[in-house]
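For reference, the structure is listed below as structure tokens.
Throughout, read-outs are computed from the coordinates displayed, never taken from laboratory work. In this text the structure is predicted, and so the values were computed from the model without any measurement. Here the Cβ is made from the backbone with ideal geometry for all residues, glycine too, and neighbour counts use every protein chain on show.
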Amino acid sequence: MVQVERSLPLAQELAAVAASAAGLLLTENTVAETLKLITSVAKSSVPYAAGAGVTLIDANARKTSAAASDEVVERADALQYEIEQGPCLSAWASGETIVVQDIVRDERWSDWSAAVTPLGVASSISVPLIFGSETFGAVKVYATEPQAFTERSRAVLELLARQAAVLLKHATTAEQAKKLSEDLRRTLHSRDVIGMAKGILMERFGLDAEAAARHLMKQAVSEDRTLGEIAAGLVEAAGRQGS
């Protein structure tokens, strides 16, 4: 994993972020690994960083702290969700980078500022995650000192957020496709097993297909188990008897 060095010239620093993100696109990575990379690079790009995190927000405005490098990030985010205000939520809603150079003095989210200050958080930057026309969350960094964010750190984090949006969509799509494939295989397997179980009952008790299906469903209800579980048990037992 490429770590961003604060001593690099800005052009090289941006290139390092882009290279680390682009390299991840070429591999089969999970969403969790992608989030780990994002938070690591985000935290390392800002002096005095207390931690970095990623908030994901779905179409129903449900908020999830998908990744956090440190506990303080989780707590600061939780306060935003509870109070329903804060820079991260504003970055998502507006699609714009939100910089808070002095949380104590900033009056935009007074309730959140008062609640988060005891955590030792003095400043923050939140950059929206945008893919196409969709804004689906934000990357944020909290710092322990006021005035922690320079134009350099803002440029790095905005590039990171653009790369992160692509990475997350790529990783999420890949995982969803894999899950759908696995679900389909399980469904087809379950249907095959149920068909075999029905065949056993039809042969054993002289039932037709509909009566055999009702027998399986009745047993599943009475034992509070799934139809697939009942069928699998019947097929397994029949196999033992036949061996």
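For GLY137, the residues whose amide H sits under 5 Å from its own are ILE57, LEU129, ignoring neighbours fewer than 5 places away on the same chain, with H placed 1.01 Å from N.
Between amide H atoms placed 1.01 Å from N, distances below 5 Å from ILE103 occur with SER123, all of them 5 or more places distant or on a separate chain.
ALA115 sits among other residues whose Cβ lies under 10 Å from its own Cβ, and their net charge, with Lys and Arg +1 and Asp and Glu -1, is -1.
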